[in-house]
Amino acid sequence: MMHYQLSMRYLLTLSLVAPAVLGLLVNAAPTPNHVQPGDILKAKPKHFDPRPPGAGSVGQHPVVVLTAPDKHGKVQVVVMSHKHPGNPATRPASSFGLPIDPVKGESTVNVENTFKVHTNRLKGKDAQNMMEPSHLEALKKEILHTSRKHTKKLSSRSLQLKRRQ
């Protein structure tokens, strides 16, 4: 009888604790099927592809997911920060309906460089942290516009270098 009571107590405890533990594990990192364009998550720059210079000791930064996961579980993201390395083209986060940090103030969105990151490296999935579809489209258009302008600038520089030689 004592053995039966211990087994029942163990099963009852396990049935109460297991769902909570599994819930924590599931919410810790979004699965590829749960990451969607427009999600506002966090990631460490050392996990970005391509890896930015000096990214080794930098903590998590907010990122906006631009694409659905590819077959390898990677998504294209754009970074929000108060200080972007390399001084890329940026726009105020509020111009895309993104939240303003009450302590640090408004951050900016890097509209010049996008990065790939595996969904296992993304943190902070919350239904409230998602861009409005119209804001996401505006962000994508701005990135495309800026990348075209940046490409033209690089092309004209390379042409000038070739002419000088």
### Task
Just subtract the alpha-carbon distance of Glu132 and His72 from 0.36 nm times their residue separation and send over the number in nm, one decimal.
19.0 nm
### Message
Quick query: amide H of Glu112 versus all other amide H atoms, modeled in the peptide plane; which residues come in under 5 Å with a sequence gap of 5 or more or a different chain?
### Response
Ala89
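Of Lys83/Lys140; Lys44/Lys83; Lys104/Lys141, which ones are farther than 24 Å apart at the Cα?
The answer is Lys104/Lys141.
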### Message
Test of understanding: what is the full-extension gain from Asp101 to His145, defined as 0.36 nm times their sequence separation minus their Cα-Cα distance?
### Response
13.2 nm
## Note on the structure
Two pseudo-spin positions, 7 Å from Cα along C-beta at Gln60 and at Lys123, lie apart in nanometres by 0.4 nm
### Task
Just flag the trypsin sites (Lys or Arg not before Pro) in the range 46-106 sitting in loop per DSSP whose Cβ has no more than 13 other Cβ atoms within 10 Å.
Lys71, Lys83, Lys104
#### Entry: Computed lengthening from His82 to His34, 0.36 nm per intervening residue step minus Cα-Cα distance
14.5 nm
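The numbers here are math on the coordinates, done by the rules we state, and not lab data. The structure presented is a predicted model; accordingly, all values stated were derived computationally and were not measured. Backbone-built Cβ (ideal geometry, glycine too); neighbour counts: all protein chains shown.
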